[in-house]
Amino acid sequence: MNNAMNNNMQANTGARINTGNKTNKPVRKVLSKEEQNNRKYTENWINVKKISNGILYNTEGVMITGVKIRPKNIFILDRYSMDNTLVGLMNFYNTIDYEFWLVIADRPVDIAVYQAELQLLYNRASDPTIRKIIGQDLDKGDYFVNNSVVDTEYYLLFKERNVDMMQKKLRGMINGLAAAGLVASQTSSDDLRMILDNFLNGGRNFESGTVMPL
């Protein structure tokens with residue numbers, strides 16, 4: 001009777017009882033050589049199609065762009081100017097009715113050209129006082145390079161599918177920030193690449209192996 005019940009249960013449920021000690025191991029997928037090579041690079045995991053004319057295009061047909069804001073220290077201004085700037089920023093913020101991102105990124109300071117010009121001036125100078133002043137500037141430049149001094153940059157980014165709406169938002173951002181006493185301009189392609197480097201590579205720029213130039 002018990003055997004009949006067991007047979008009936010197996011027939012009704014379609015289940016198969018395994019009383020052995022073997023365990024089912026997951027089947028490991030074997031990747032092709034091309035798939036293995038493609039997994040090596042970060043760029044293959046993000047949906048970036050290209051960066052051109054200060055716009056990042058993703059693979060879903062969305063454009064990402066925005067403005068770069070020139071920093072301004074309002075705390076050295078008089079109280080009236082400081083209040084006007086804060087009120088202007090509040091009014092600007094209240095005009096934005098779409099999703100945006102405030103990005104704060106560090107860009108390495110590149111003063112190689114500046115140092116080369118200083119070195120030429122130092123070599124040409126004959127006055128000891130002038131040579132001393134230029135030498136002090138050269139020492140400051142070496143300090144910046146050796147201690148990885150960076151410039152902090154501020155961006156407002158947004159996404160848009162329509163070109164006309166994108167241009168309208170850009171104009172609105174630039175004009176709104178100007179009303180608050182701040183200077184802003186559209187992001188450049190180099191700005192967007194630098195932002196990607198900050199997020200993906202800790203601020204370091206790589207030519208291969210992680211994020212390839214777009």
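The values are calculated or read from the model by the stated rules, or taken from the named source; none is laboratory data. Because the structure is a prediction, the values reported are computed rather than measured. Quick reminder, even Gly has a Cβ in these numbers, built from the backbone with ideal geometry, and neighbours come from all protein chains shown. Remember, those area values only see protein heavy atoms, side chains included, never the ligands or the DNA or RNA. Shrake-Rupley method; radii C 1.70, N 1.55, O 1.52, S 1.80 Å.
Confirm whether residue 67 is touching a residue at least 40 places away in the same chain (Cβ under 8 Å), within 24 Å of residue 177 (Cβ to Cβ) and hydrophobic (A, V, I, L, M, F, W, C). Don't jump to the end; show me each part of the working.
Values: touching a residue at least 40 places away in the same chain (Cβ under 8 Å): yes; within 24 Å of residue 177 (Cβ to Cβ): yes; hydrophobic (A, V, I, L, M, F, W, C): yes.
Taking the combined requirement at face value, the residue satisfies it.
If a residue must be loosely packed, with under 14 Cβ neighbours inside 10 Å and of a type in the set (Phe, Trp, Tyr), how many such residues does the range 50-99 contain?
Matching residues across the range 50-99 total 4.
Matching residues to (1) assigned to a loop (DSSP other than H, G, I, E, B); (2) in contact with a strand residue (DSSP E or B) (Cβ under 7 Å, 6 or more places away or on another chain); (3) at pLDDT below 85:
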| position | (1), (2), (3) |
| --- | --- |
| 18 | yes, no, yes |
| 27 | yes, no, yes |
| 35 | no, no, yes |
| 51 | no, no, no |
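Cβ contacts < 8 Å: first residue outside any helix (DSSP H, G or I), restricted to the range 90-102; second residue of a type in the set (Lys, Arg), any location; separation 6+ or different chain. Result?
98/169; 99/159
Go through (1) at pLDDT 90 or above; (2) surrounded by 16 or more Cβ atoms within 10 Å (Cβ to Cβ) and name the single condition residue 168 misses.
(2)
Is it true that some residue in the range 153-163 is surrounded by 10 or more Cβ atoms within 10 Å (Cβ to Cβ) and modelled with pLDDT under 90?
Yes, that holds for at least one residue.
How about the range 54-97: which of its residues are more than 18 Å from residue 156 (Cα to Cα), hydrophobic (A, V, I, L, M, F, W, C) and out of contact with any Leu (no Cβ under 8 Å at 6 or more places or on another chain)?
75, 76, 77, 82, 87
Here is a check on your reading of the model: is residue 143 open to solvent by 90 Å² or more (accessible area, probe 1.4 Å) and assigned to a helix (DSSP H, G or I)? I'd like the intermediate steps shown before the answer.
Working: open to solvent by 90 Å² or more (accessible area, probe 1.4 Å): yes; assigned to a helix (DSSP H, G or I): yes.
Yes, satisfied.
Among the candidates 193, 204, single out the residue that is at pLDDT 85 or above and either in a loop (DSSP other than H, G, I, E, B) or open to solvent by 70 Å² or more (accessible area, probe 1.4 Å) (or both).
Numbers: 204 fails: at pLDDT 85 or above.
Answer to the selection: 193.
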